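The values are calculated or read from the model by the stated rules, or taken from the named source; none is laboratory data. Computed from a predicted model, the values in this text were never measured in an experiment. Don't worry about glycine lacking a Cβ; one is built from the backbone with ideal geometry, like all the others, and counts go over all protein chains shown. Surface areas here come from the heavy atoms of the whole protein model, side chains and all, with no ligands, DNA or RNA. Shrake-Rupley method; radii C 1.70, N 1.55, O 1.52, S 1.80 Å.
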Amino acid sequence: MARVIKHPGAGVTLSDLTTLKAYVDQGKEPWKSGYNQLAGSPESRLSYAGRGGPFAKVSRAPDENLNAWRSDMVAISNLSRLWYFTRNEQYAVNARKLLLGWATTQTEFSGRESMLDLGDYALQFVGGAEILRSTYPGWTEADTATVKKYFKDVLMPAANPYGESSFGAANKGALSLTALGLMAIYNDDIETLDRVVYQARTLAHIGLRNSNDIGMLGDSLRDQGHAYGQLKSLTMLAEALWSQGIDIYSDFDNRLLAAGEYFARVNERVPTAALPFGTTDRYYLTDVTGHGWDGANGGSVALTQIYGAYVLRKGLQAPFIAQRLLRVGVDGDSFMYLKDSDTSKATPPPALPIPSTASITSGFSNADIGGASPAGVATYANGKWTVQGAGNDIFRGTQDTFHFVYKAITGNSAIIAKVESVQNTNPAAVAGVMMRTSLEPYAPHASMAIASNGQAKQNMQGLAVYGGSNYGNKAMGIASSTPSYWVKLERIGNIITGYVSPDGTNWAATDVGRIVVPVPDTIYVGLVVSSAVNGKLNDSTFSNVQITGGDGGAPSVIPAAPAMLLASPGDGAVPLRWQASFGATSYTVKRSTFSGGPSTTIASGVTGSSYTDKSVVNGTTYYYTVTATNSAGTSDNSPEDSATPVLPVVAVATGGTANDSAGNATNAKRAFDQNAWSQWLYAGTTNWLQYDIGHAERVLCYSVTSTFDANLMGRDPKDWQFQGSNDGAT
């Protein structure tokens, strides 16, 4: 049976729209306040006449006619929504005129950064087009065909101008995927939609895999604005796919929940350590970002979508997201995704073709590429490979001479190794991993290596790389005081991805290339050593070498402790996430009511990198550690983290002078200044907090004089001074 794309399908369904309209018509808060903000926007007015467009050409970097296009895309969204909410046909007439005007006029969207605007505004122009198509009687099949042609011929090429899978890093590529995915839905283009789903799930420099177990994204250490941009793009795509019955929210142990919680935690200024991470733009060793970012209304659109996806649909907890949404309130966009229930269903897509690896103790072949001399050799003993190799270099396109220890592998493949040491025959001497299409010098290849000077060096020659040689060939710092680090290469189809890691699980994809046609079935995969002094051997050592099709014969070693653990203050529960340990087969979760212990085991044999402790009492602070185990033994404890589970506050209104937990009155005010209902409740110097107790909304009043005490969020209502009725009537 042929698949049929459902409309509207760009973030909200027809059922969602029906519920939203009913709530707005009823004056139900906070939906009504969000609607009022939408209606108050300059781009929502019936008098909106655009900014001079439409134009045949729009460009970003260099900018040409860009602001006119942006404003009109916002107006298309706003006017379409107001048509639906008000049923005033003039809104639809004006939105249709704007959209068809651009669709019949614009022939070019160019510039180095065209994909950024298309991703930033995809929800506006596709969302507006979907509402008109699905709900406005004056919309015709000819109108749909016109917009489809506009998307296919003008906007979709500009969303991916650099060729198949050649996307910019992190938020850039995520924006491209979002734009392509939403337009594919409008265009009933199942082939493109399936390709976007595949790319979002496999491309480790932009998609869901551009993250680690604790929820850091590739741009998390760049700055919080770009981190949110990446999060929002992936979430917008996931929500649109859900409307088509495709659940990528479940991927990688609910990775978007982890990413949303990490973002919310950091920007609620909860002390949070960071792990080295990054993407093809940059590998970040430390967190230098400004926490407490409040752009985009605190990230309310994506966080509202994530909350709905995981808390309402899946019954999970998102404590930091809930806390942040409570503070920032709704706005004219986020109210569209705010729900009080959601019983919709979707199905996870098929398992990904990510290649597995196993240790290797024998079976490598040796080759001296490019006339490297003297001949190299490789030996294995006690879990380590020692490789001796000569050669001038592997880092530059004009130098491709080294010793290669390899296996020929057909199909998808990967190799992992920890470079333990690199002999200092030259500061440029390297040891690492390599994939090649042949054993001939200068054949298309990729390598990830550690140099004796302590840098990581990545190199892709003869492959199509976004950003060209500046991205494909790069030296970068590592989080190690010695030339010792983990490196990895992975081939999936015609894409080769290079990674670095401090621990063998926290992999940052820092180099990505495409094998251009013809794509060989078999490539050569192995370890590489170059002395950078032809005529002299370099003696380098590797541990934890794993390869697709390995023999699994290496002895187990006790895993390292999980590098990081995060605990969240849920309601009657503490959700935990930690960074996995290489080689671990299970984990043990330990808890104490005192920092530093003594601790008690509360769960053992946990096979993933998350666990929810439900044997807790609200208001009590708990301290957690995790250990990793395999057949060789058990690791030391992870770093400790603590959480105090609390009964959740679901809405806040206050009078007097509000303060948040960091003493920032400006931040606290944002919890109240966008919601008319909370402003109405504000009376004199009384502080109100609304609780959801047993699914029945109740309003409790804590008597104070002028400031809102954020600590009340963590206290049980029985400890409060109760005033007034329990139904919010006073």
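Structure summary
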read-out: Residue check, G215 outside any helix (DSSP H, G or I), free of Cβ contacts under 8 Å to residues at least 60 places away in the same chain and surrounded by 22 or more Cβ atoms within 10 Å (Cβ to Cβ); value: no
read-out: Count - residues of the range 76-107 that are among the hydrophobic types (A, V, I, L, M, F, W, C) and within 20 Å of K21 (Cβ to Cβ); value: 8
read-out: Criterion: open to solvent by less than 30 Å² (accessible area, probe 1.4 Å), at negative phi and part of a loop (DSSP other than H, G, I, E, B) - qualifying residue of I478, I496, I523; value: I478
read-out: Residues located in the range 280-302, provided they are aliphatic (A, V, I, L, M) and either over 30 Å from Y337 (Cα atoms) or in contact with a strand residue (DSSP E or B) (Cβ under 7 Å, 6 or more places away or on another chain) (or both); value: L285, V288
read-out: Strands (runs of 3 or more DSSP E) completely within the range 359-414 that count 2 or more residues being over 12 Å from S531 (Cα atoms) and in contact with a Ser or Thr (Cβ under 6 Å, 6 or more places away or on another chain); value: 377-381, 384-389, 402-410
read-out: Residue among T522, T510 that is more than 18 Å from the chain's Cα centre (by Cα) and touching a residue at least 40 places away in the same chain (Cβ under 8 Å); value: T522
read-out: Scope the range 158-200; condition charged (D, E, K, R), part of a helix (DSSP H, G or I) and over 19 Å from S220 (Cα atoms); matching residues; value: E191, D194, R195
read-out: Helices (runs of 4 or more DSSP H) (entirely within the range 219-336) containing at least 3 residues that are more than 20 Å from L175 (Cα to Cα), more than 14 Å from the chain's Cα centre (by Cα) and modelled with pLDDT under 95; value: 319-328
read-out: Given (1) more than 30 Å from S15 (Cα to Cα); (2) crowded, with 19+ Cβ neighbours inside 10 Å, number of the condition Q323 does not satisfy; value: (1)
read-out: Within the range 562-577, considering residues that are in a strand (DSSP E or B) and of a type in the set (A, V, I, L, M), the one nearest to T627 (Cα to Cα); value: L565
read-out: Residue list for the range 453-475, restricted to those being in a loop (DSSP other than H, G, I, E, B) and either under 26 Å from T410 (Cα atoms) or touching a strand residue (DSSP E or B) at 6+ places or on another chain (Cβ under 6 Å) (or both); value: Q455, G462, L463, V465, Y466, N473
read-out: Test: residue in the range 342-352 that is in a helix (DSSP H, G or I) and either under 30 Å from Q458 (Cα atoms) or open to solvent by 20 Å² or more (accessible area, probe 1.4 Å) (or both); value: no
read-out: The range 219-234 residues that are open to solvent by 20 Å² or more (accessible area, probe 1.4 Å), paired with ones that are in a loop (DSSP other than H, G, I, E, B) and among the basic types (K, R) (beta carbon under 9 Å, 6 or more apart); value: R222/R282
read-out: Residue satisfying all of: in the range 11-45; open to solvent by less than 20 Å² (accessible area, probe 1.4 Å) and closer than 22 Å to S243 by Cα; modelled with the lowest pLDDT among these; value: G11
read-out: From the options T548, T607, T629, residue that is of a type in the set (S, T, Y) and surrounded by fewer than 17 Cβ atoms within 10 Å (Cβ to Cβ); value: T607
read-out: Failed item in (1) surrounded by fewer than 22 Cβ atoms within 10 Å (Cβ to Cβ); (2) at pLDDT 95 or above; (3) outside any strand (DSSP E or B); (4) charged (D, E, K, R), with E440 passing the rest; value: (2)
read-out: Condition met for A509 (in contact with a Gly (Cβ under 8 Å, 6 or more places away or on another chain), farther than 27 Å from G371 by Cα and buried (at least 24 other Cβ atoms within 10 Å of the Cβ)); value: yes
read-out: Residue within the range 197-211 that is closer than 25 Å to N506 by Cα, buried (at least 24 other Cβ atoms within 10 Å of the Cβ) and more than 12 Å from the chain's Cα centre (by Cα) present; value: no
read-out: First in the range 615-627 and more than 11 Å from R591 (Cα to Cα), second anywhere and not in a loop (DSSP other than H, G, I, E, B), Cβ under 7 Å, 6 or more apart; value: G619/G714; T627/Y587; T627/T588; T627/T634
read-out: Filtered residues of the range 105-124 (kept if more than 10 Å from R60 (Cβ to Cβ) and touching a Pro at 6+ places or on another chain (Cβ under 8 Å)); value: T105, Q106
read-out: Where a residue in the range 180-204 is free of Cβ contacts under 8 Å to residues at least 40 places away in the same chain and more than 11 Å from A240 (Cα to Cα) and its partner, wherever it lies, is open to solvent by less than 10 Å² (accessible area, probe 1.4 Å) and in a helix (DSSP H, G or I), with Cβ under 7 Å and at least six apart; value: L180/A159; L180/V196; N187/F151; T192/A184; Q199/L177
read-out: Failed criterion for K536 (all others in (1) within 28 Å of L352 (Cβ to Cβ); (2) assigned to a loop (DSSP other than H, G, I, E, B); (3) modelled with pLDDT of 95 or more hold); value: (1)
